[in-house]
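Written out below as structure tokens is the structure these notes cover.
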There are 2 protein chains.
Amino acid sequence: MTHDCSFLEALELGDGQVSFADGRRESHATDFGTAQKDGRGVLPDAVVWPEGTADVSAVLAAATDRGVPVTPYAAGTGLEGNAVPTHGGISLDLTRMDDVVDYRPDDVQIDVGPGLIGSDIDEHVAADGLFFPPLPSSGDISTIGGMIATDASGMQTVRYGEVADWVLGLEAVLADGTVVQTGSRAIKTSSGYNLTDLIVGSEGTLAVVTEATLELAGRPEQIRGGRAIFETLDDAAEAVFDAVRTDVGVARIELVDGLSATMANEYLGSELPDAPMVFLEFHANHGIEEEIDLCRTIFEDHDVARFEMSDDDDEMDALWQARRELAYAVVSYDPALEPLHPGDVTVPISSYPAVVHEAKRLADEYDLLVPCYGHAGDGNLHYSALVDPDDPEQVERGERLSREIVELAIELGGTATGEHGIGQGKREYLEPEHGAGAVEAMRTIKRALDPTDTLNPGKLFPETADGKRVRDSEQ
Amino acid sequence: MTHDCSFLEALELGDGQVSFADGRRESHATDFGTAQKDGRGVLPDAVVWPEGTADVSAVLAAATDRGVPVTPYAAGTGLEGNAVPTHGGISLDLTRMDDVVDYRPDDVQIDVGPGLIGSDIDEHVAADGLFFPPLPSSGDISTIGGMIATDASGMQTVRYGEVADWVLGLEAVLADGTVVQTGSRAIKTSSGYNLTDLIVGSEGTLAVVTEATLELAGRPEQIRGGRAIFETLDDAAEAVFDAVRTDVGVARIELVDGLSATMANEYLGSELPDAPMVFLEFHANHGIEEEIDLCRTIFEDHDVARFEMSDDDDEMDALWQARRELAYAVVSYDPALEPLHPGDVTVPISSYPAVVHEAKRLADEYDLLVPCYGHAGDGNLHYSALVDPDDPEQVERGERLSREIVELAIELGGTATGEHGIGQGKREYLEPEHGAGAVEAMRTIKRALDPTDTLNPGKLFPETADGKRVRDSEQ
């Protein structure tokens, strides 16, 4: 799988834009998902840091000519190995393309490079009372390019939608080096095929995004945040379903199970009950108290034990602390255990109580610790079995549990991944979720736009029996 | 261009599902756009009314085998000849596939056939307090399939977005007869390529939609509607820009110029001033009066002459009458004149005053009647030069005016068509708007998914020099 990348030295790239050093190659062979599992993927043969669209175009054209794979990389925060090479070649690190290229507050739009950290957008536009609503929870460490690649979303998606809903247009480079402009600065268009939404979520397999035109939103005038504590997880999940069905004005509604609460208490040294919780944030310009009262009434129908809400920033922070620190609490809980497949599934909201219930039932059946939490208002559930990586039998139980949850989500009309992408980790679920016809249509598009399978090979599509790249098999 | 369609008789279609009669062929060779211009397109050789997905699949597979074009058709309300054949073949009339297949109020979702009239959805779900927000103004005569084909939108798009924003998934048939399922019933997914949004807006050139899963919304608790009258059109357009930039809680904000007001007065026998107007509707669950007051204050900064708002249904209807009847008022104004190119352009909101001003300046320069109105909050402008079709010099002036407005919209970062699609009428603008690279990427996708150019040939892509179908040229 080693590719000769010496051609890179002949391209007009500046000093420090290309590295063949082991340390650089190793750092570009991991993401959050692989780091929590078997360590890393296949080392790239070289790492390239483009500093503009022309660099990206030159590298892609030359790599395609030579049959060398190119895997786009940025902050490395993916959970499914999305940016980790599977066939060596070039790791294309876009973190230097992190400019705010243009900002048009009158149009509530901003143009940014793919390497920009998400929360930097909010900083840039805060003085005008604007923000970028679909930022994922990792928004202060992950890049816009990565969010576009996976069509990321997060806590505020229940109200504001996913990243795709906020991308008006892209500049992107195809495998052969062609630079394309997609979309429009008009907020709607019926002109031509929607290449923007085809590229968003395609995990760098169709094009490399070099600039994105994003919509922004005005900050709400009223914000209240807080927490509800329930007796049982079923009550909590049913309460969320009821609140979403009733369309209460929440901007965040997060479920955390009792085990996760225990982990948070241990990590934070806090003394909350080890009970299921729902974390809430309301956004409104008027009438926020009425919305909170409506939500409280609904939650009372589901036997809520405590319902605490505040309009004070520090108090809201304190009420939310367990949720905010939860990812760290889970990984710190027992140093001997590692979370398997820390991704997500997402289901229609009416099925949310069922999938939550089943996840915990499977945890009992397989006798594993399985903390469950998620952006409940979207029908999203994060779960991961904590297993001893040196105990193959335990790992195997964890794998079975993970598979059963994903299969249930698909059976319920949901998706194997609501916000992290297929990457390497969930390729086996693409066809069960979409069916053979749709997957073949996706492959047809991939082969048409990237016939040499240059862009991020080994991702998204089910593994071929021989492990070959798409171009080498099944033609 | 005549194709032998006798093979249809060998397919397992029922009585009355195929017609070769002249009257049927003629009725399927027009839409609203062609009816207002040169009459009709190329007659199809046959009309087929599928009654289910299997019928669509059988017809497409057989037609593709034989190189016979298939043009999807439904209500025929398009403005750009989108559903009018250019190469004969089969007109595939989907109006019999008009079922509500499934309705899931708990998930706020409905599955419908492509032939369902848009407003029938609202009737079906009204008892649950739900509605389908992106319906175009033609929602009571046009079909869901047509709305999906053009990614339609309408008066409420300023608040609720376009049709694409409300389509969760599709069942669609590819040119070779393969049935694909796209999207998810989960409200978000990061799994695989977004085939849904690729098909939405592709004007039947990539697939025929046989079922759509749509999201619905809860009706707002408060609705107020009314009208503002301005001294000048520039004031009115600037007021709209200011209101949108300030994010006032409007659900509809429509601009009508003085000439259109004159036409409405004449048509309705009403005695409104012949002055520019802005029609408004506010939706909210709380605080609607505050939003109206904010809007009034902004409009007063732009010298609004009258600002009338009501919460009474009949009064709202009366205030909105001129806007509601405007399309009829324009075509009835002078029987000797016909509207040229009655489509739309859409621009970023900050450019809206400029494009409105320029449209009226061009009307003066070319000495033509050009009524202008539109979904102003989206930056959308409908305009059409009224010309005597028997006066070639006047028609030519009208053509020049239309072209200059579209070119200006594109130059301002906007789109040649915000809501009606490219069809036949705007093919020359696809490349100026998107650039050669993006158009070639669109062609690559078209050729990959429909290599025989079976589906709706002669649409969307720029005309080839020899008028041939995509498959026959430029390979």
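Within a 10 angstrom radius of the beta carbon, how do A:373, B:328 rank from fewest other beta carbons to most?
On the way: A:373 28, B:328 13.
With the fewest neighbours first, A:373, B:328 line up as B:328, A:373.
Could you tell me which of rounded, prolate or oblate describes the range B:100-218, using a ≥ b ≥ c as the square roots of the eigenvalues of the alpha-carbon gyration tensor, with rounded for a/c under 1.5 and, failing that, prolate when a/b is larger than b/c and oblate otherwise?
Numbers: a/c = 1.56, a/b = 1.34, b/c = 1.16.
Cα axes put the range B:100-218 in the prolate bin.
How much FRET efficiency would the formula 1/(1 + (r/R0)^6) give for residue B:271 and residue B:403, where r is the Cβ-Cβ distance and R0 is 35 Å, rounded to 0.05? Before the final figure, lay out each step's value.
Details: r = 37 Å, r/R0 = 1.05.
The calculated FRET efficiency here is 0.45.
Could you line up B:153, A:310, A:350 from fewest to most neighbouring Cβ atoms inside 10 Å? Please report the intermediate quantities before stating the final value.
Working: B:153 32, A:310 16, A:350 20.
Result, fewest neighbours first: A:310, A:350, B:153.
Can you say what percent of the DSSP beta bridges in chain A, counting only those with both residues inside, are antiparallel? Round to 5. Present the calculation step by step, with values, prior to reporting the outcome.
Numbers: 55 of 63 bridges.
In chain A, DSSP labels about 85 percent of beta bridges as antiparallel.
Provide, in order from the shortest bin, the percent of all Cα-Cα pairs of the range A:6-93 in each 5 Å bin, continuing until the bin that contains the maximum pair distance.
3, 16, 27, 24, 17, 8, 4, 0
With +1 on the Cβ of every Lys and Arg and -1 on the Cβ of every Asp and Glu, and nothing else charged, how large is the dipole of the range A:100-218 about its Cα centre, in debye rounded to the nearest 20? Spell out each step's value before the answer.
Working: 4 positive and 18 negative charges, 52 e Å.
Here the range A:100-218 has a charge dipole of around 240 debye.
Can you tell me the dipole magnitude for the protein assembly as shown around its Cα centre, using point charges on the Cβ only (Lys, Arg +1; Asp, Glu -1), in Debye to the nearest 20? The partial results should precede the final answer.
Details: 66 positive and 180 negative charges, 548 e Å.
So the magnitude is around 2640 debye.
Do any chymotrypsin sites (Phe, Trp or Tyr not before Pro) in the range A:18-120 lie in a loop, going by DSSP, with at most 16 other beta-carbon atoms within 10 Å of their beta carbon, and if so which? Mind showing how you got there, number by number?
Details: sites: A:20, A:32, A:73, A:103; in loops: A:20.
Here the sparse-neighbourhood loop sites are A:20.
In degrees, nearest 10, range 0 to 90: what is the angle between the Cα axis of helix A:430-449 and the longest Cα principal axis of chain A?
The angle comes out near 30 degrees.
Per residue of B:437-449, count partner chain C-beta atoms within 10 Å of its C-beta, then hand back the mean as an integer.
Mean number of neighbouring Cβ atoms from other chains: 6.
Check which residues have an amide H placed less than 5 Å from residue B:168's amide H, if you skip close sequence neighbours.
Result for residue B:168 returns B:213, B:214, B:215.
Using all C-alpha to C-alpha distances in the protein assembly as shown, build P(r) with 10 Å bins and read off the rounded percent in each one.
Reading upward from the zero bin: 2, 12, 21, 24, 21, 13, 5, 1, 0.
Can you work out ³J(HN,Hα) from phi for every residue in the range A:383-399, in order, using Karplus 6.51 cos²θ - 1.76 cosθ + 1.60 and θ = phi - 60°, giving whole Hz and x for Gly and Pro?
Per residue, the Karplus-derived 3J(HN,Hα) values read 8, 7, 6, 8, 9, 7, x, 8, 10, x, 5, 5, 4, 5, 4, x, 4 Hz.
So for the range B:154-201, considering every pair of alpha-carbon atoms, how many percent are separated by more than 18 Å?
Working: 422 of 1128 pairs.
Result: 37 percent of Cα pairs exceed 18 Å.
Along the Cα→Cβ direction, 7 angstrom out, place labels at residue B:447 and residue B:10. What is the inter-label distance in nm?
For residue B:447 paired with residue B:10, the spin-label model returns 3.1 nm.
When B:224, A:324 are ordered from fewest to most other Cβ atoms inside 10 Å of their Cβ, what list results?
A:324, B:224
State whether the range B:28-183 is rounded, prolate or oblate according to the following rule on the C-alpha gyration tensor (a ≥ b ≥ c being the square roots of its eigenvalues): a/c under 1.5 gives rounded; otherwise a/b larger than b/c gives prolate, and the remaining case gives oblate.
Working: a/c = 2.27, a/b = 1.38, b/c = 1.64.
It is oblate, given that a/c is not under 1.5 and a/b is not larger than b/c.
State the percent of C-alpha pairs, over all pairs in chain B, separated by a distance greater than 40 angstrom. List each step's numbers first, then the result.
Numbers: 23098 of 112575 pairs.
The proportion of pairs with Cα distances above 40 Å equals 21 percent.
Check which residues have an amide H placed less than 5 Å from residue B:101's amide H, if you skip close sequence neighbours.
B:111, B:112, B:113
What are the residues whose amide H is under 5 Å from the amide H of residue B:130, where those residues sit 5 or more places off or on another chain and H is modelled from the backbone?
Residues meeting the amide H criterion: B:219.
Student exercise: in the protein assembly as shown, how many lysine pairs 8 or more apart or on different chains have Cα atoms under 17 Å apart?
Summing the qualifying lysine pairs gives 13.
Could you work out the helix-only [θ] at 222 nm for the protein assembly as shown, with each DSSP H run of four or more residues adding -39,500 (n - 2.57) and the total divided by the number of residues, to the nearest 500 deg cm²/dmol? Display every interim value, and only then the final one.
Details: 30 runs with 322 residues, N = 950.
Computed ellipticity for the protein assembly as shown at 222 nm equals -10000 deg cm²/dmol.
Among all stretches of chain B without exposed GluC sites (Glu not before Pro) (DSSP loop, at most 11 other Cβ atoms within 10 Å), which one is longest?
Numbers: sites that count: B:12, B:271.
Value returned for the longest uninterrupted segment is B:13-270.
Taking R0 as 45 Å, what's the FRET efficiency between residue B:22 and residue B:328 from their Cβ-Cβ distance, rounded to 0.05?
After rounding to 0.05, the efficiency reads 0.90.
How large is ³J(HN,Hα) for each residue in the range B:86-102, as worked out from phi by the Karplus curve 6.51 cos²θ - 1.76 cosθ + 1.60 (θ = phi - 60°), to whole Hz, x for Gly and Pro?
Once θ is set to phi - 60°, the couplings for the range B:86-102 become 10, 9, x, x, 9, 8, 9, 8, 9, 5, 7, 8, 10, 7, 7, 7, 7 Hz.
Between residue B:312 and residue B:232, take the C-beta separation as r, use R0 = 41 Å, and let me know the FRET efficiency to the nearest 0.05.
Details: r = 30 Å, r/R0 = 0.73.
Between residue B:312 and residue B:232 the formula returns 0.85.
Express the relative contact order of chain A as a whole percentage, based on alpha carbon pairs under 8 Å and six or more residues apart in sequence. The partial results should precede the final answer.
Numbers: 1053 pairs, mean separation 72.1, N = 475.
Once normalised by length, the contact order is 15 percent.
Note down the relative contact order for the range A:6-93 as a percent, whole number, built from C-alpha pairs under 8 angstrom at least six residues apart. Display every interim value, and only then the final one.
Numbers: 150 pairs, mean separation 32.3, N = 88.
Value for the range A:6-93: 37 percent.
How crowded by other chains is A:153-160, given as the mean number of beta carbons from other chains within 10 Å of each beta carbon?
On the way: counts 4, 0, 0, 0, 2, 2, 0, 0.
If you average over the peptide's residues, the count of other-chain Cβ atoms is 1.
Compute the relative contact order of the range B:385-463 as a whole-number percentage, counting only Cα pairs closer than 8 Å that sit 6 or more residues apart in sequence. Provide the component values of the computation, followed by the final result.
Working: 53 pairs, mean separation 20.7, N = 79.
Relative contact order for the range B:385-463 comes out at 26 percent.
Indicate the gyration tensor shape class of the range B:315-408 (rounded, prolate or oblate), computed on the Cα atoms with a ≥ b ≥ c the square roots of the eigenvalues: a/c under 1.5 is rounded; otherwise a/b larger than b/c is prolate and the rest oblate.
On the way: a/c = 2.47, a/b = 1.17, b/c = 2.12.
Taking the square roots of the gyration eigenvalues as a ≥ b ≥ c, the range B:315-408 is oblate.
What does the structure give for A:406-419 when I average, per residue, the other chain Cβ atoms found within 10 Å of the residue Cβ?
Values: counts 0, 0, 0, 2, 3, 0, 2, 9, 7, 10, 6, 6, 7, 3.
Per residue, the number of nearby Cβ atoms from other chains is 4 on average.
Rule-based calculations on the coordinates, nothing more; no lab input. Predicted, not measured: the structure shown is a model, and the values here were computed from it. Every residue, glycine among them, receives a Cβ derived from its backbone with ideal geometry; neighbour counts consider all protein chains shown.
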